Amino acid sequence: MPDFAIARALHVLAVVLWIGGVGMVTTVLLPSIRRSYPPARRFTVFHDLEARFARQARVTTVLAGASGFYMAWRMQAWDRFASADFWWMHAMVLTWCIFTLMLFVLEPLFLERLLARRAAASPEATYRLVERLHWGLLTLGLVTVAGAVAGSHGVDLFAW
Ligand code: HEM
């Protein structure tokens, strides 16, 4: 079954780059910009620096989704979605859907412009909103990673 092992390896590599990047942005980039720039400059600086990561995240999201669906198809694991014991499968799909929606639909269509306009009017509140949004996404990503690693090795993290 080398194809399954390859899909799993690609899945984990994509997740490492993607969620690791979200961790870097949330815990290093955003606080550094907060400390180094006045409120009026923060959003623009963040937006410029994060653009490169957003491009990477689009690639890794597609790779994680494709390899994930391939594994699910190979295992014919669809019945897992009918059971709450496999909450971590739901969490993976939910996390993936949220990021896909943000990166491919909401951001390019209007979120980016909306935030830029809001940042011009109230920079402090907008920057705080961006920070909170990233903490929320990072928490979801990390809980999903922990649940999926334990779950795919037969252990439910929350069943103690
Ligand atoms: C459409 C989205 C996704 C699908 C269909 C999917 C599907 C899968 C499947 C079928 C497995 C193997 C489960 C098993 O061996 O029993 C798996 C493993 C895993 N997935 Fe996903 N996944 C998706 C997205 C994600 C996301 C967004 C994350 C992280 C935030 C993630 C993290 C992981 C991890 C860490 C493993 C365990 C790897 C291991 O320890 O071997 N997946 N995924």
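Readers should treat all values here as calculations from the given coordinates under stated rules, not as data from a laboratory. Since the model is a prediction, treat every value here as computed from it, not as a measurement. Cβ atoms come from the backbone with ideal geometry, glycine included; neighbour counts cover every protein chain shown.
Segment 1-98 holds helices (runs of 4 or more DSSP H) entirely within its bounds, and those carrying 2 or more residues that are aromatic (Phe, Trp, Tyr) map to 2-24, 39-75. What about Trp78, is it buried (at least 17 other Cβ atoms within 10 Å of the Cβ), more than 16 Å from the chain's Cα centre (by Cα) and more than 21 Å from Gly23 (Cβ to Cβ)? Taking the combined requirement at face value, the residue does not satisfy it. Every listed requirement among (1) out of contact with any Lys or Arg (no Cβ under 8 Å at 6 or more places or on another chain); (2) within 13 Å of the ligand (Cβ to nearest atom) is met by Gln56 save one, (2). Applying the condition of being touching a residue at least 40 places away in the same chain (Cβ under 8 Å) and of a type in the set (A, V, I, L, M) to segment 120-142 and asking which residue is surrounded by the fewest Cβ atoms within 10 Å (Cβ to Cβ) yields Leu142. Might you let me know whether segment 89-110 holds any residue that is more than 16 Å from the ligand (Cβ to nearest atom) and in contact with a helix residue (DSSP H, G or I) (Cβ under 9 Å, 6 or more places away or on another chain)? So far as segment 89-110 goes, yes, one or more of its residues are more than 16 Å from the ligand (Cβ to nearest atom) and in contact with a helix residue (DSSP H, G or I) (Cβ under 9 Å, 6 or more places away or on another chain).
Cβ-Cβ contacts under 8 Å between residues 6 or more apart (or on different chains), taken from a first residue in segment 39-58 that is over 30 Å from Val12 (Cβ atoms) to a second residue that is surrounded by 13 or more Cβ atoms within 10 Å (Cβ to Cβ) and of a type in the set (Phe, Trp, Tyr), are listed as Pro39/Tyr127; Arg42/Tyr127; Phe43/Tyr127; Val45/Tyr37.
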